[in-house]
Amino acid sequence: MTDIRNADVTCVKCGMSNNIKIFASINSNNPELRVNLISGQIWAWNCKICKENNNTIYPILYHDMSNRFMVQYIDEKMPGRDLALTRMLPSSEQLKSMATMKGYRFRLCGTLPDFVEKVLIATTGLDDIAIEACRPDFPRPKDGPDSKRLDIEFKFTEIAEGPPKAIVFRPSPFAYQGLERALSSSVPFDVYLMAASRIKACMPAAAILGEEFITVDKSYLWKWFDKDTAQYIGPEQR
Ligand SMILES: [Zn+2]
């Protein structure tokens, strides 16, 4: 269910208190809210006194019921993050039964670019671990004129129907404003399908779904597969 609350926040310009609507959780069956989340508009509000446009970033749980995906965003810079997490998240028994009975995935995100990417992945029904395997990797050179440009992290953006069908990655507009229109990188959909089927064949179901909220990024993938050979290793063989 979409959970709407009220909170008093202070305008950055005039310092006056405003009572705003905040969304503790958002359900996928509310497409308008989902669009506002992806654009970042959900955290924006106008001061009722001076009309200043403010942005108040707060945690949100995104629940995609049809693709069985739950994504909790709580910024890594938020003070008291660990305590807030224990209050916010469902109990481990609840999560375990949702994972085993319904095949739910539980993901935790600490940055806005990560969160918005996971919401997009959830919406398309893709496997986010396989997306990590496909994500273009630009190792940063130690020096040289291109070092800054190559340090950009690409985020999943969309599926291009093609032909050929492909997974499209771009820089996140939340991290590199404007660059998302200039840069993109595509991976053939077949490459994604191969990665997804290997992950499904090798990894234990609990490690794919997560019996608690887990952070799935590239380093999570390399816990299970060797970075150089792409062979399955599993954390216990390390
Ligand atoms: Zn104001």
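At a glance:
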read-out	value
Considering residues of the range 177-189 that are touching a residue at least 24 places away in the same chain (Cβ under 8 Å) and part of a helix (DSSP H, G or I) only, the residue nearest to GLU158 (Cα to Cα)	PHE189
Some residue of the range 88-106 being in contact with a strand residue (DSSP E or B) (Cβ under 6 Å, 6 or more places away or on another chain), at pLDDT 95 or above and crowded, with 20+ Cβ neighbours inside 10 Å	no
Condition check for ARG87: free of Cβ contacts under 8 Å to residues at least 40 places away in the same chain and basic (Lys, Arg)	yes
The range 23-60, residues that are under 23 Å from ALA175 (Cα atoms), in a loop (DSSP other than H, G, I, E, B) and more than 12 Å from the ligand (Cβ to nearest atom)	GLY40, THR56, ILE57, TYR58, PRO59
Residue, nearest to the ligand (Cβ to nearest atom), within the range 1-22, restricted to residues that are surrounded by fewer than 12 Cβ atoms within 10 Å (Cβ to Cβ) and in a loop (DSSP other than H, G, I, E, B)	GLY15
The range 61-81 - residue that is among the basic types (Lys, Arg) and part of a loop (DSSP other than H, G, I, E, B) and, of those, nearest to LEU112 (Cα to Cα)	LYS77
Test result for ALA84, out of contact with any helix residue (DSSP H, G or I) (no Cβ under 8 Å at 6 or more places or on another chain) and not in a strand (DSSP E or B)	yes
Any hit, the range 89-111, residues being of a type outside the set (Ser, Thr, Tyr), away from the ligand (no atom under 16 Å from the Cβ) and farther than 30 Å from LYS200 by Cβ	no
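The values are calculated or read from the model by the stated rules, or taken from the named source; none is laboratory data. Keep in mind that what you see is a predicted model, and the values were worked out from it rather than measured. All Cβ positions, glycine included, derive from the backbone under ideal geometry; neighbour counts span all protein chains shown.
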